[in-house]
1. Among the residues of the range 169-203, which ones are assigned to a helix (DSSP H, G or I), more than 21 Å from the chain's Cα centre (by Cα) and among the hydrophobic types (A, V, I, L, M, F, W, C)?
2. Within the range 70-90, is there a residue that is under 18 Å from residue 107 (Cα atoms) and of a type in the set (S, T, N, Q)?
3. Going residue by residue through the range 63-72, is there one that turns out to be closer than 16 Å to residue 196 by Cβ and crowded, with 21+ Cβ neighbours inside 10 Å?
4. Could you figure out which of (1) over 16 Å from residue 123 (Cβ atoms); (2) open to solvent by less than 90 Å² (accessible area, probe 1.4 Å); (3) in contact (Cβ under 8 Å) with a residue 60 or more places away in the chain isn't true of residue 88?
5. Only one of 83, 93 is open to solvent by less than 10 Å² (accessible area, probe 1.4 Å), over 30 Å from residue 173 (Cβ atoms) and touching a residue at least 40 places away in the same chain (Cβ under 8 Å); which?
6. Limited to the range 132-155, what total is found for residues that are closer than 16 Å to residue 189 by Cβ and open to solvent by less than 20 Å² (accessible area, probe 1.4 Å)?
7. Determine, yes or no, whether residue 95 is in contact with a helix residue (DSSP H, G or I) (Cβ under 9 Å, 6 or more places away or on another chain) and farther than 29 Å from residue 259 by Cα.
8. Tell me, which residue of the range 35-57 that is open to solvent by 60 Å² or more (accessible area, probe 1.4 Å) and over 14 Å from residue 94 (Cα atoms) is nearest to the chain's Cα centre (by Cα)?
Amino acid sequence: MGKISIKITNNISIVKFELEEFITRNQNFEFKNIDETANSPLAKQLFYLPFVKSVYISGNFIAVEKFSIVEWENVQDDVAQQIEDFIEKGGKIILEETSTKKNPITIYAESTPNPAVTKFVANKKLTNTAVECKNIDETKASPLAKDLFSFPFVKEVFIDENYISITKYDIAEWNEITLELRTFLKQYLEQTDVVVDESLIEKTDNFKIKQEEFFDNLDVTSQEIINILEEYVKPAVQSDGGNITFNSYDETTNVVKVTLQGACSGCPSSTFTLKNGIENMLRDMLKNNTIIVEAMNG
């Protein structure tokens, strides 16, 4: 294991400590208190710190939620060093003999740059194909999305990989509804495996764009743009509960059109920031200062 990287999240209470190698694959672990840490010696040690509220372990990172008695800027370096020292001394993050056991569903809520959207991350794969539902009429492929629209404060639902981004109406505040949504999602996922029926996803333009034959028929510049978006832009967008898809590239005007979904959709500041960031990146990597990006909401 290499040095620990500290990653600030959009939730001021949570910091991620990333490793260079994967800790777990296809499993997430959430610990709310020291009594739940039987299969994680590292989580148990972290709970001896008086400001640790919860510990979440997934992929290549350890996310720690703090109580408000301290600020992360004052303690994050010490926590990173403690994790690093623990690993270097041969400490086990997750015990192998218990890591293969089936774990209960956990849901991890994280704020996004869009104040109307919260991202709910599950410890299981939900779908291979992203689905966005602007209203209940668009939920044919997702019974989970349909049930979420029974909540009067749910405006839109976006599901991708292992997370669900929910857009709310202004009638409710997140601190009033997050726990209710987390509980509902946990119970739903424990009772059924059908989150998205991918065979029912309509063959929309966004769906077709993801297919290999679409990519193979594009010009070289368009293929380069897609590769840049997939490698450099999409991971950051997905970490914020959104998604980005390539629509088209016009060689005559040098206009690149992309579609934003989930937390990125409908957020003016997010759209503006993403558009400029993508535009600058494409201009730099393609050595073409005339490229213009048009970002549309899904």
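The values are calculated or read from the model by the stated rules, or taken from the named source; none is laboratory data. None of the values given here were measured: they were computed from a predicted structure. Because the Cβ atoms are built from the backbone with ideal geometry, glycine has one as well, and the counts that use them run over all protein chains shown. Keep in mind that these areas ignore ligands, DNA and RNA; they rest on the heavy atoms of the full protein, side chains included. Shrake-Rupley method; radii C 1.70, N 1.55, O 1.52, S 1.80 Å.
1. Of everything in the range 169-203, just one residue is assigned to a helix (DSSP H, G or I), more than 21 Å from the chain's Cα centre (by Cα) and among the hydrophobic types (A, V, I, L, M, F, W, C), namely 200.
2. No, every residue in the range 70-90 fails to be under 18 Å from residue 107 (Cα atoms) and of a type in the set (S, T, N, Q).
3. No, the conditions are met nowhere in the range 63-72.
4. Among (1) over 16 Å from residue 123 (Cβ atoms); (2) open to solvent by less than 90 Å² (accessible area, probe 1.4 Å); (3) in contact (Cβ under 8 Å) with a residue 60 or more places away in the chain, the lone unmet condition for residue 88 is (2).
5. Going through 83, 93 in turn, the sole match is 83.
6. 4
7. yes
8. 53
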